[in-house]
Structures are given as C-alpha cells and as structure tokens.
Amino acid sequence: MSEEQLQRDFQSKLDAEIRIEPKDWMPDDYRKTLIRQISQHAHSEIVGMLPEGNWITRAPSLRRKVALIAKVQDEAGHGLYLYSAMETLGEPRSKAIDDLHSGKAKYSSIFNYPTLTWADMGAIGWLVDGAAIQNQVPLCRTSYGPYARAMVRVCKEESFHQRQGYEIMMELAKGTPAQKAMAQDALNRWWWPSLMMFGPPDKDSKHTAQSMAWKIKRHTNDELRQAFVDKTVPQGEFIGLTFPDKDLKWNEEKGHYDFGDINWDEFYNVIKGNGPCNKERIKARRAAKENGAWVRDAAAAYAKKKQNKSTEKAA
Ligand code: 3HC
C-alpha cells in the first residue's frame, strides 16, 4: 500500500474517532510526539513522588500518613502504566529514563518547587492533582489507544488525590490562625506554578496545533487552564482563602474568571533547569537508579536461570 493510502487510512481512523493501536501504521511524527509526551508524562509522575515523599514521615496523624503513602504509591503506578504505554511505540524505558537523567527529557515544571510545610501536601493534592485531572480527563479520549486506556485508570486515582489534598486545606483553613496562615502561604506559593502546568500560552505552544489535529490533545493549553481557574477559585473561596492574584475577578459577560499575567520567564527558567529543586530532583532519580541496580541484576539473573531450566526441560 502506498504512503498516501496509509496516510489516508490513518486520517480516516482519526476522523471516525477510531483509536490508533500499536500495530497500526502511523506517521513518524505522530509516533515521535506521543513518545515525547507520554515519556514526559511518566517522568512527571515518578519525579512527582519526591516532593510529597519528603513529608510521609512527618504527617500529623496516622490518617494523613496512610492517605499520603497511598497517593505516592499511586503516582509510582501511574508512571509505570505510562512507561508501558510509551513502550508500545517502540521506545525502550531505559532510554527514556536515561534522557530524564541527562536532562534531555522534561518533566512537569511544578515538581521543581520545594515543599516547605505540611500545608504544601494539601496544596499539591488540591491544586497540582486538580490541574492534572483537568488535563488528564480529556486524555482518556486521546487518539492513541494505550495512552487513553492508561488515563482511565489514572484519573480514577487522581480524584482521590485531589480530594485528600482539599480536605487537608479545609481542615487547616478552619483550624487555628497559625494553621490558616500555613494554608494561605501554601496557596500563595503553589497557585501560579499550578497554572504553568498547562504549558505555555497557545500562541507560544509549538506542539498544540498539530496535537489537536491528531486528536492527541482534545483542548488547548489555555482552554484547560481557564477551566481549572473557573473550577478552583470557588473552592478556595469556600474555605476562606484568598488567591495571590489582584486581577482575579469573575467576568459575567465571558462566564469565566479573568486572571493576571503568568510569569512565563519563571516558567521557561524552571524548564531550562534553573528551578529551586531541579538539581535535587534529578540527583535523587539518578541515585534511585544506581541503588536499584542490584534489584534489576537479581531479577535478570533469576529470569535467566528460569529460562535455562525450561530450555533444559524442553531438550
Ligand atoms: N513542565 C515542563 N515542560 C513543559 C510544561 C510543563 N508544565 N508545559 C509545556 N512544557 C514543554 C513541552 O514539553 C514542550 O517542550 P518539548 O518540545 O521539549 O517537549 C514545550 O514546553 C512547549 O510546550 P507545548 O505546550 O507546545 O507542549 P505540549 O503540546 O506537549 O503540551 C503539556 C504540554 C500540556 C504538558 C502536554 O505535554 C500534556 O498534556 N502532557 C500530558 C500531561 C502531563 O504530562 N502532565 C504533567 C503533570 S503529571 C502530574 O501532575 C501527576 C499528578 O499525579 C500529580
């Protein structure tokens, strides 16, 4: 079949909302975009465990500790689903992880900020997982089958993550003045970096137009950011917190909140590797790989021994 016919079949599948599966023909650039996005999504899940892992031993109660451990374990699972989805495109996990450790591959900017108080666990669950849900629910309808299916499972767990975070913020906001101040401080520090999670403005996004055409993305960065602001501001106001944005105001005519300018210099600086915690995060991931080498070697040796046994039996 000619390349033109293959391209036509691919496009007619997209038009008919038929999922593209691993064995289907796909344009090289479609495959490359998916490997880029899914691998960076997976890296974000794995690196995202670090800021929260930092507070597991300091959770203020057994209930909070159980919820945080469960959440961090979920994120590890999300990363593994996504690395598996990426591998169906022919990209080995080891290469993607090397690209992360070398700085070649990105992960979400949000995880380069420090978690300074317990309230940050609330702000991360409420805002970061809230933003992730906003972005990931449409990805359940992304055109690539394995990615869409991974997202269905991820989204079910994300809603627990967001609720437990919001509950932490709610408890603190109705607690002592010091607790309320801690929640407000966390909102002040995490609000703007959460808006940056959705990516640069559509006018500056180099991938959005093509990703929308391929139905990898179902909404643009700005559309998802706006939906997140509209959903989150009433939640913050309900628990008596104020947002660190003097321009944040409901626009009756538009039916959306207007909000202030995002500091894109900060965003690009962080994704270039100059955020507060970039070096620490990659150092931790490199150490995890080195410290885990013996586990991988033992598993490989065991698998080889088992393989040899079954070949001897067969002979
Ligand atoms: N952090 C780091 N890099 C970012 C970024 C962010 N918040 N937003 C955009 N970028 C990068 C892009 O990767 C791209 O760089 P590249 O070409 O080197 O990959 C560049 O900035 C231009 O951005 P675009 O908007 O043109 O790129 P995309 O079309 O890929 O859109 C995205 C960016 C919206 C993040 C998209 O990749 C996406 O939807 N990814 C899947 C979801 C995801 O990765 N979420 C990350 C958070 S996961 C999480 O929070 C886990 C939760 O459990 C806590």
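A few notes on this one:
- Förster radius 22 Å - calculated FRET efficiency between LYS279 and ALA76, Cβ distance, rounded to 0.05: 0.50
- Sulfur and carbon atoms: percent of accessible area, the chain [1.4 Å]: 57 percent
- Fraction in percent of alpha-carbon pairs per bin - 10 Å, region 181-249: 18, 44, 24, 13, 1
- Label-to-label distance, nm, for residues given as GLU223 and ASN308 (7 Å Cα→Cβ offset): 5.7 nm
- Low-density loop positions, trypsin sites (Lys or Arg not before Pro), region 76-132 - DSSP coil, at most 13 other Cβ in 10 Å: LYS104
- Prolate/oblate/rounded label for the chain (Cα gyration tensor, a/c 1.5): oblate
- Using a Förster distance of 30 Å, the FRET efficiency for PHE160-GLU21 (Cβ separation, nearest 0.05): 0.50
- Per-residue ellipticity at 222 nm, computed for the chain from helices alone with -39500 (n - 2.57) per DSSP H run of at least four residues, works out to -21000 deg cm²/dmol.
- Extension gain, THR242-ASP185: 0.36 nm per intervening residue step, less the Cα-Cα distance, totals 19.5 nm.
- Gaussian network model of the chain, springs between alpha carbon atoms under 10 Å - residue of MET86, MET169, MET26 with greatest fluctuation: MET26
- The fraction of Cα-Cα pairs per 10 angstrom bin, counted from 0 for region 184-315, comes to 10, 25, 23, 16, 12, 9, 4, 1 percent, rounded to whole percents.
- The label-point distance for GLU167 and ASP202, in a model that sets each label 7 Å from Cα toward Cβ, rounds to 3.7 nm.
- Given 11 as the ceiling on other Cβ atoms within 10 Å, longest exposed-site-free region of the chain for GluC sites (Glu not before Pro) in DSSP loops: 18-251
- On Cα atoms only, tilt of 129-139 relative to the major axis of the chain in degrees: 40 degrees
The values are calculated or read from the model by the stated rules, or taken from the named source; none is laboratory data. The structure displayed is predicted, hence computed values, not measured ones. In this analysis, Cβ positions are derived from the backbone assuming ideal geometry, glycine residues included, and neighbour counts consider all displayed protein chains. Quick note on the areas: whole protein, heavy atoms, side chains included, nothing else; ligands and nucleic acids left out. Shrake-Rupley method; radii C 1.70, N 1.55, O 1.52, S 1.80 Å.
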